[in-house]
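Working notes for the structure below.
The values are calculated or read from the model by the stated rules, or taken from the named source; none is laboratory data. Note that this is a predicted model, so its numbers are computed, not measured.
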Amino acid sequence: MSLNIDSLNRGNSLYSQDNKLKSKYKDSSNDNSEVKAKSTSDKLEISADSLKLGPIKARVTQGFYDNPEVLKQVSQKLYNEIFDKDGDIDRK
């Protein structure tokens, strides 16, 4: 005696559905990355004040401020800028 069993989901394997889903998400992720790449752009604007710092940075790199006399002068200027004549913080 032989028993004949018909499958309800013949030809619809779990793996083929999984591959369909993967390809669907892969296609949509490609679309999203293209949109992001097109819409994203960075712009750098440098203010006039920051451009003034270039020479100072070059002096630091060259060791100009390592000189004890230069360091003393810069420290004095900073002190005078921050503190008033009585030694209190100058709140301009």
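Would you say N19 is within 37 Å of the chain's Cα centre (by Cα) and modelled with pLDDT under 65?
Details: within 37 Å of the chain's Cα centre (by Cα): yes; modelled with pLDDT under 65: yes.
Yes; evaluated as a whole, the condition is true for this residue.
Given the structure, is V74 at pLDDT 80 or above and assigned to a helix (DSSP H, G or I)? Spell out the reasoning first.
Values: at pLDDT 80 or above: yes; assigned to a helix (DSSP H, G or I): yes.
For V74, the condition - at pLDDT 80 or above and assigned to a helix (DSSP H, G or I) - is met.
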